[in-house]
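Beneath this line is the structure, given in structure tokens, with notes to follow.
The values are calculated or read from the model by the stated rules, or taken from the named source; none is laboratory data. Being a predicted model, the structure only gives us computed values, none of them experimental. All Cβ positions, glycine included, derive from the backbone under ideal geometry; neighbour counts span all protein chains shown.
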Amino acid sequence: MKRTIAALLLLALSILCTPEKASAQDMDARALANSAAALQNSQGNPFSGEQELDENGNPIEQDGNPADSARVKDIMPLESYFFDDSVRRRKHFRWVPDTFTNNIRMEEVDTLIGNFNKDYIFQREDVGDAYVGILGGVSTPLNFFRRPNGNDFDFTKAYYAYLFTIDNVPHFNNKRPYTSLAYQTAGQKRYAEDKLEVLHAQNITPSTGFNVRYNNYHSRGIYTWQRGKVNDFSGAVSHTGKRYSLHAGVISNTISQRENGGLVEAWHIADTLYESAQGLPMKMSDALNKATNTSFYAVQTYGIPFVPLTDSVFTMADRTAIHFGHAITYNRWGRRYTDTKKGTTYNITDRETNKVLETLCFYDNWFIDPEKSNDTLSESLLSNRLFVQFVPYNREGVIGTVDGGIGWDHRRYYQFHLEDYIKNNQEKKLNTYYAYADARGKLGKWLDWQGRARVNVAGYRAGDLNVDASATLRMYLADKPIILSGNLSYALQSPSYWEEQYFSNHYVWENKFDRQNISHLAVTLEVPHTGTRLTFNQAIIGNPIYYGYDSTPAQVIGVESVSGIYLEQNFTFGGLHLDHRILFQRSSSDIFPVPTLAGNISYYYTFQPVRDVLTMKVGIDCWANTPYYAQAYNPALMVFHNQNEALVGNYPYANIFVTAKWKTMRIFLQYQHATENLLDNYTHSYSVPFYPYNRALIKYGICWYFDN
């Protein structure tokens, strides 16, 4: 039904929203300029009265030079100190606000076919992730330095690639309404993988807009009791005025996962006794995880220039000013895990005779109920911040902005305890008070720099500290840039609430851990015209906290380190592209397991069957890594933990694909997991121990965007 609805939506939108003809985009310049002049006159703005036009129909300023084309094109100007003229002229652009300061992070609007066929989002990042084999399932980056960190709600970090968060919800500015609808599917209807992504963004005025997004990732699973489903929704509004700015939004995430615990034994997947994937014995048959999230945020600022502004000034980005701001954010997660003793019991059999040798249970302990589990917990964080930003000269200056603020975090934690049988459930309420500062600037096109610090001054986690400094140096050789960037950070970080105390049917612990101290250095050299990117990472972790071999948190008193070198080298010979991503890593101990080598290659050929209308790409993507004791996944805790039973790796995973872009439509056809059954080590065809990849299948998808 979902696929039928998506197809009907695509057909309806294609009829109703046919691409605008080029002639409609090239309006008569003289008529546009006259309209602009009349409108600006009614608003008391600079193009007032009779406006003299040059031979091309462009307004002429009093000094005889052509007027700013951005002002004419917009008619009603985009009055904002966030965006320069090059950004204002774009038909669409997007950004993400910083909820701690009066700054934003620009992002690209993705309408290209570059990574369109990589439907697993984490495959688009360097060498990819270790994952449980399905879309909408848990994953963890192979690159240690991309793994989610922080000390809030451990149990959904394994879904980081799919979730909408306050830090990644975008805002848009569009000269015309923009809608994007994408759908993809693979496999038989009963076992299909589906992805649906919907986006609509629209401006009410040049400075005020809104957008809504909905994503649905759903794998019904080809193995016994396998399913992954993630639903995300966000709605956001923004106003980026000359003095006042507002960014606000609401977010909802829902995760539903059938947990089968993985294969009973690795040899089952290659044994001819099991002709169907549904017949492969799994360790669990009725466990279920469900997690829900609700978030909202609102960030407001008001700027006061040191020199009064006139109506002819559209921005005070180049003026000395002070901005006062307030931010409020709220984030709540709730989680429920259920299973039964019967559904977590499995048999170990003899490979030759299929005789039962031993009967085991996935979990050793049943503390609350010996027959079934129904574990619930929740966590919420309400943050209030007041901040101020000083612009000494202009936002593009050597000292562009200086920010400072104070904040209050109110956290609530709930989990079931045995004493809840005899008294009301109790929430744990904890408060933290902190201060922070931020400064950044530019030196022309040569240098960008930024420094940031935060310290918890009182309450829960008092004494925690985060300091971060970065710089980007651009050099030019024959007008071609060479970019050198560096980042140095230090964090003194308390353990999370759940790392110290946890109570459930299968796991109980009470820990008292010391703070971790984490130092991280990253240096990157980028040469765009040769397709080269080289990054060196070094992390030194004091008193590290990790999930150990028994799945529970543990701490080592001492110092551990992880080093990494990442190389991206792309070669182009006409339409032939040879893209390489290689990661080398070393860890000082098995506390942080990483593959020594991991890589992703993408070889493809691009061409235009119809010049400037239809672009196509045909190629192959492949991922592989050297063997290592990859982290295992624990369903009851929804976390990755260390293990020393199974080596994972030495198995290439490849997709063969064809992608095309025709005007505003992108499509792809892909043969996924093309290496299935080609190699003798197929019994190790997984990146998370005992969670096999999906079988080989045909996948296809379409994305259509409309901007009229």
ARG611 meets each of (1) crowded, with 18+ Cβ neighbours inside 10 Å; (2) of a type in the set (Lys, Arg); (3) over 22 Å from THR530 (Cα atoms) with one exception, condition (1)
Per the filter on the stretch 489-532, residues farther than 26 Å from TYR337 by Cα and part of a helix (DSSP H, G or I) are PRO528, HIS529, THR530
Among strands (runs of 3 or more DSSP E) entirely within the stretch 628-708, at least 2 residues that are aromatic (Phe, Trp, Tyr) and closer than 23 Å to ALA266 by Cα occur in none
Here the residues within the stretch 119-138 that are farther than 16 Å from LEU163 by Cα and part of a strand (DSSP E or B) are ALA130
Boolean, LEU163 is part of a loop (DSSP other than H, G, I, E, B), of a type in the set (A, V, I, L, M), out of contact with any Gly (no Cβ under 9 Å at 6 or more places or on another chain) and modelled with pLDDT of 95 or more:
yes
Report task. Report whether or not ASP311 is touching a Gly at 6+ places or on another chain (Cβ under 8 Å), over 30 Å from GLU427 (Cβ atoms) and among the charged types (D, E, K, R). Result -> yes
Do we find a residue being under 18 Å from the mean Cα position of the chain (by Cα), surrounded by fewer than 18 Cβ atoms within 10 Å (Cβ to Cβ) and of a type in the set (D, E, K, R) anywhere in the stretch 219-233? no
When (1) at pLDDT below 95; (2) out of contact with any Lys or Arg (no Cβ under 6 Å at 6 or more places or on another chain); (3) surrounded by fewer than 20 Cβ atoms within 10 Å (Cβ to Cβ) are applied to MET316, the one that fails is (3)
(request) Tell me, yes or no, whether the stretch 141-151 has at least one residue that is under 22 Å from HIS92 (Cβ atoms) and more than 16 Å from the chain's Cα centre (by Cα). (result) no
Flagged pairs (Cβ under 9 angstrom, 6 or more apart or on separate chains; first in the stretch 564-588, on the phi < 0 side of the Ramachandran plot and at pLDDT 95 or above; second among the basic types (Lys, Arg) and surrounded by fewer than 18 Cβ atoms within 10 Å (Cβ to Cβ)) are GLY564/ARG586
### Query
Has the stretch 640-653 got any residue that is buried (at least 16 other Cβ atoms within 10 Å of the Cβ), touching a strand residue (DSSP E or B) at 6+ places or on another chain (Cβ under 9 Å) and charged (D, E, K, R)?
no
Among residues of the stretch 196-234 being charged (D, E, K, R) and assigned to a strand (DSSP E or B), the residue nearest to ILE702 (Cα to Cα) is GLU197
Note: among ASN289, ASN331, ASN293, ASN253, just one is over 26 Å from ALA201 (Cβ atoms), part of a strand (DSSP E or B), at pLDDT 95 or above and not charged (D, E, K, R), namely ASN289
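Residue by residue, here is whether (1) part of a loop (DSSP other than H, G, I, E, B); (2) more than 17 Å from SER687 (Cα to Cα) holds:
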{"residue": "LEU567", "(1), (2)": "no, yes"}
{"residue": "THR572", "(1), (2)": "no, yes"}
{"residue": "ASP579", "(1), (2)": "no, yes"}
{"residue": "LEU583", "(1), (2)": "no, no"}
{"residue": "PHE592", "(1), (2)": "yes, no"}
{"residue": "ASN600", "(1), (2)": "no, no"}
{"residue": "TYR605", "(1), (2)": "no, yes"}
Here the residues within the stretch 451-485 that are of a type in the set (Ser, Thr, Tyr), farther than 30 Å from LYS428 by Cα and either touching a Leu at 6+ places or on another chain (Cβ under 8 Å) or in contact (Cβ under 8 Å) with a residue 40 or more places away in the chain (or both) are SER470, THR472, SER485
Selection over the stretch 365-385 where residues are farther than 17 Å from MET638 by Cα and of a type in the set (Asp, Glu) yields a count of 2
